[in-house]
Amino acid sequence: MRIEKLLAALALLAAVIVLARFSWRQLRDADTVGPNIYMDDTIVYVSVSDPRVTLLRGVTARDAADGDVTDTLVVESLSGFVAPDTRAVTVAAFDGGGNVSKATRSLVYTDYRPAVFSLTDAMRFPVGATQQAILAAVGVTDAIDGDVSDRVTFSAGSVINVDTAGDYRVTLEVSNSAGDTFTLPLTVTIYEPTAFNLAPKLYLTDYIVYTKAGEPVDPLDYLDHMTYKGVDYALTDGRGTFLVDTSDMTRDELTAFRAEEPALDVSLIGVVDMTNYNTPGVYEIRYSLADGDGNLGRVTLTVVVEG
């Protein structure tokens with residue numbers, strides 16, 4: 001029995017030795033080194049509209065065991081902005097042994113610009129309006145993410161008492177996926193419906209306009225139409241007057257109105273342009289119209305002067 005146990009122990013020891021040597025050889029011969037990544041340049045210049053694969057331009061990968069593995073290259077991640085118009089791009093390559101190598105280069109946008117805000121209507125709302133309704137009138141287009149209107153919020157410190165009529169100075173805020181944040185200060189007017197219905201109403205073609213420093217806009221270019229003492233008037237180009245809008249009138253109504261051709265001179269509208277067109281920033285052009293009965297209609301055009 002002792003001899004049999006000894007032989008069994010020797011056989012087990014031999015098996016362990018063989019297995020250990022086999023495992024050692026596998027570890028010795030295993031591919032544990034990832035591919036080498038090569039870049040023609042550590043900076044890649046791209047447009048914000050270029051596809052993601054453009055970020056791999058000029059990048060190749062080669063593995064000691066598998067040879068050229070450039071086709072495995074992927075963009076692993078993009079950082080936020082690390083400098084103006086500049087982000088860090090991390091690329092990765094794989095080999096047949098499952099090894100991964102990574103490298104980083106800089107991305108510089110050639111045409112990046114701040115997000116552009118738009119307003120679908122005047123920023124005036126009745127008492128009791130919700131903040132959601134106010135934000136629904138705001139649109140934002142971002143160079144990187146496209147339409148980001150659903151991300152717009154009021155910045156900290158912006159307060160609107162929707163239960164009290166008045167003008168409220170607030171700041172809108174939105175961020176894109178690169179971590180860039182854009183703001184737009186503007187005035188939100190909360191009005192009493194009864195007083196608003198009695199007052200003249202001024203309507204603009206746009207409620208926010210962008211211009212370059214040194215390029216003033218003509219406030220009268222943005223007047224569209226008005227309601228004055230219950231009658232709708234449309235601006236007649238080149239005459240400086242607002243005429244009654246006859247587009248929906250019957251023939252008899254047209255005959256009666258043509259006899260008098262009631263009109264309002266554009267000079268009745270007060271215009272206060274608060275814009276410093278030489279200094280980039282956000283400004284306002286304020287329009288007003290009184291009807292002689294103590295009712296005053298107002299509207300605001302937000303002007304963004306870009307550098």
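Looking only at region 270-307, count how many residues are within 19 Å of Ile208 (Cα to Cα) and either touching a residue at least 40 places away in the same chain (Cβ under 8 Å) or hydroxyl-bearing (Ser, Thr, Tyr) (or both).
Final tally of qualifying residues: 24.
Being touching a residue at least 40 places away in the same chain (Cβ under 8 Å) and assigned to a loop (DSSP other than H, G, I, E, B) is the filter here; which residues of region 184-218 pass it?
Glu192, Ala199, Pro200, Asp206, Tyr207, Ala213, Gly214, Glu215, Pro216, Val217
Can you tell me which residue among Ala103, Ala122, Ala65 is out of contact with any helix residue (DSSP H, G or I) (no Cβ under 8 Å at 6 or more places or on another chain), surrounded by 14 or more Cβ atoms within 10 Å (Cβ to Cβ), at negative phi and not in a strand (DSSP E or B)?
Ala122
Which one of the conditions (1) under 30 Å from Lys212 (Cβ atoms); (2) charged (D, E, K, R); (3) open to solvent by 20 Å² or more (accessible area, probe 1.4 Å); (4) assigned to a strand (DSSP E or B) does Asp111 fail to meet, given that it meets all the rest?
Condition not satisfied by Asp111: (4).
Do we have any residue at all in region 138-159 that's assigned to a helix (DSSP H, G or I) and either in contact with a Lys or Arg (Cβ under 6 Å, 6 or more places away or on another chain) or of a type outside the set (Lys, Arg) (or both)?
yes
Exactly one of (1) under 25 Å from the mean Cα position of the chain (by Cα); (2) more than 29 Å from Gly292 (Cα to Cα) is unmet by Asn161. Its number?
(1)
I need the full set of residues from region 160-181 which are assigned to a loop (DSSP other than H, G, I, E, B) and either among the acidic types (Asp, Glu) or under 22 Å from Pro126 (Cβ atoms) (or both), in order please.
Ile160, Asn161, Val162, Asp163, Thr164, Ala165, Asp180
Among the residues that make up region 24-35, is at least one of them at pLDDT 70 or above and among the aliphatic types (A, V, I, L, M)?
yes
Cβ-Cβ under 8 Å, sequence separation 6+ or interchain: first residue in region 227-239 and modelled with pLDDT under 80, partner among the hydroxyl-bearing types (Ser, Thr, Tyr) and surrounded by 12 or more Cβ atoms within 10 Å (Cβ to Cβ). Which pairs?
As it stands, the answer is Tyr233/Thr227; Leu235/Thr241, since those pairs meet every condition given.
Among the residues of region 163-183, which ones are open to solvent by less than 30 Å² (accessible area, probe 1.4 Å) and farther than 16 Å from Thr302 by Cβ?
Gly166, Asn176, Ala178
If you check Thr141, Thr130, Thr181, which single one turns out to be of a type in the set (Val, Ile, Thr), without any contact (Cβ under 8 Å) to a residue 24 or more places away in the chain and on the phi < 0 side of the Ramachandran plot?
After applying the criteria, what remains is Thr181.
I need a count of the residues in region 37-52 that are at pLDDT below 95 and not in a loop (DSSP other than H, G, I, E, B).
Adding up the residues that qualify gives 1.
Can you name every residue in region 68-98 that is over 21 Å from the mean Cα position of the chain (by Cα) and buried (at least 18 other Cβ atoms within 10 Å of the Cβ)?
Val69, Leu73, Val89, Val91, Ala92, Ala93, Phe94, Asp95
Looking only at region 291-302, how many residues end up being in contact with a helix residue (DSSP H, G or I) (Cβ under 8 Å, 6 or more places away or on another chain) and in a strand (DSSP E or B)?
Total satisfying the criteria: 1.
Six or more apart or on different chains, Cβ under 7 Å: which pairs go from a residue in region 37-60 that's touching a residue at least 24 places away in the same chain (Cβ under 8 Å) and open to solvent by less than 40 Å² (accessible area, probe 1.4 Å) to one that's part of a loop (DSSP other than H, G, I, E, B) and among the hydrophobic types (A, V, I, L, M, F, W, C)? Could you list them?
So the pair list comes out as Val48/Ala143; Val48/Ile144; Leu56/Leu73; Val59/Leu73.
Identify the residue in region 139-153 that is open to solvent by 20 Å² or more (accessible area, probe 1.4 Å) and under 8 Å from the mean Cα position of the chain (by Cα) and, among all such residues, is farthest from Asp121 (Cα to Cα).
Here the answer is Ile144.
Looking at Val299, Val304, Val271, which is the one that is β-branched (Val, Ile, Thr), at pLDDT 90 or above and over 20 Å from Leu202 (Cα atoms)?
Exactly one of Val299, Val304, Val271 is β-branched (Val, Ile, Thr), at pLDDT 90 or above and over 20 Å from Leu202 (Cα atoms), namely Val304.
Which numbered condition trips up Leu301, out of (1) over 14 Å from Val217 (Cα atoms); (2) crowded, with 19+ Cβ neighbours inside 10 Å?
So Leu301 meets the others, but not (1).
The values are calculated or read from the model by the stated rules, or taken from the named source; none is laboratory data. For clarity, every value in this text was computed on a predicted model and none was experimentally measured. Positions of Cβ are generated from backbone atoms using ideal geometry, with glycine treated the same way; all protein chains shown enter the neighbour counts. Note: areas computed on protein heavy atoms with side chains; ligands, DNA, RNA excluded. Shrake-Rupley method; radii C 1.70, N 1.55, O 1.52, S 1.80 Å.
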